[in-house]
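Since the structure comes first, as structure tokens, the remarks are kept for the end.
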Amino acid sequence: MTATRLIILGRQGSGKGTQCGRLVENLGLVHVSTGDILRTAVEEGTDLGRRARVLMDKGDLVSDELMIEIVGERLAKFDVLKNGFLLDGFPRTPAQAEALDIILSDLGVSLDRAINLDVPVDEVVKRMLARGRADDTEEAIRRRLELYESSTKPLLAWFKKRGLLAVVDGLGSEDKVFERVIAVL
Ligand code: AMP
């Protein structure tokens, strides 16, 4: 059996985390979440963590160069090559999307699907304020949503052009949304 390789896109607070957990469990994929990688680095106080922390607290993006290096290294690891991956939080900019093309073609693999978990802005703001994560100040939330619209949303067209995009309605119960996700795979 060949490994499945997926990307999940969606505004922060779209329920991506929950759906990723389920997908990974059901399909045996490796969850590669750039947000998790960075948060771990911050907790461990590594050099990367120290550099990323200030930007993350403000809701700003970490540099493309650094993110591309992190993802390139992770996707080349044996467990990811063997089991496939669910890439979450990357790409976030057109430069990252272009770099991902190169990373994957260098590895000799291709994407199967890019899933956009679609939840309206009003709803994600409500959800993010309710979850109360340390980096979820109102200012940081607003900044992240702005960056999503300006930098990440154009990627939907990028994946659509390649015939990879599947838009999934992210409103409703976790079970219902998961059914919809599975249906597009
Ligand atoms: P997330 O958990 O995906 O919302 O990521 C949390 C924070 O990590 C973001 O607000 C960014 O500061 C940073 N981050 C995560 N992934 C990326 C990426 N691909 N490019 C730039 N910054 C990122």
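The values are calculated or read from the model by the stated rules, or taken from the named source; none is laboratory data. In this text the structure is predicted, and so the values were computed from the model without any measurement. In this analysis, Cβ positions are derived from the backbone assuming ideal geometry, glycine residues included, and neighbour counts consider all displayed protein chains. These accessible areas exclude ligands, DNA and RNA; they are computed on the full protein's heavy atoms, side chains included. Shrake-Rupley method; radii C 1.70, N 1.55, O 1.52, S 1.80 Å.
Return the sequence-ordered ³J(HN,Hα) values of segment 161-174 in whole Hz as given by the Karplus equation 6.51 cos²θ - 1.76 cosθ + 1.60 applied to θ = phi - 60°, using x for Gly and Pro.
My calculation for segment 161-174 gives 4, 8, x, 9, 7, 10, 9, 10, 5, x, 8, x, 5, 4 Hz in order.
Apply the Karplus parameterisation 6.51 cos²θ - 1.76 cosθ + 1.60, with θ equal to phi minus 60°, to every residue of segment 36-41 and state each ³J(HN,Hα) to the nearest whole Hz, in sequence, with x for glycine and proline.
Coupling constants for segment 36-41: 5, 4, 5, 5, 4, 4 Hz.
Just to confirm a number: summing +1 for Lys and Arg and -1 for Asp and Glu over residues other than residue 4 whose beta-carbon lies under 10 angstrom from that of residue 4, what do you get? Intermediate results must be reported in sequence, preceding the final value.
Details: positive: 5, 113; negative: 112.
Surrounding charge for residue 4 is +1.
When the helices in the chain are scored as -39500 (n - 2.57) per DSSP H run of 4 or longer and the sum is shared across all residues, what 222 nm value do you end up with, to the nearest 500 deg cm²/dmol? It would help to have the intermediate numbers written out before the result.
Values: 10 runs with 106 residues, N = 185.
Per the formula, -17000 deg cm²/dmol.
Pop a pseudo-label 7 angstrom from the Cα along the beta-carbon direction at both residue 176 and residue 18 and give the gap in nm to one decimal.
Result for the modelled spin labels: 1.1 nm.
Provide, for q = 0.13, 0.20 Å⁻¹, the log10 of I(q)/I(0) from a solvent-free Debye sum over equal Cα point scatterers in segment 4-184.
-0.65, -1.66
Cβ neighbours within 10 Å, averaged per peptide: list 12-18, 129-135 in order, most packed at the top.
Working: 12-18: 20.6, 129-135: 10.7.
For the peptides 12-18, 129-135, the packing ranking is 12-18, 129-135.
Within the chain, how many lysine pairs that are 8 or more places apart, or on different chains, have C-alpha atoms less than 29 Å apart?
22
How are the alpha carbon pair distances in segment 1-45 distributed across 10 Å bins from zero to the largest one, expressed in percent?
Spelled out bin by bin, segment 1-45 gives 23, 48, 26, 3 percent.
Please list the non-local residues whose amide H lies under 5 Å from the amide H of residue 31, H modeled 1.01 Å from N, same-chain partners needing a gap of 5 or more.
86
Given H placed on each backbone N at 1.01 Å, which residues far from residue 9 in sequence or on other chains put an amide H within less than 5 Å of it?
115, 116, 117
To the nearest 10 square angstrom, what accessible area does residue 88 show with a 1.4 Å probe?
For residue 88, solvent-accessible area is about 10 Å².
How much of the accessible area of segment 28-121, probe 1.4 Å, is carbon plus sulfur, in whole percent? Don't skip to the end; give the middle numbers.
Values: 2350 of 4550 Å².
For segment 28-121, the apolar C and S fraction of the accessible surface comes to 52 percent.
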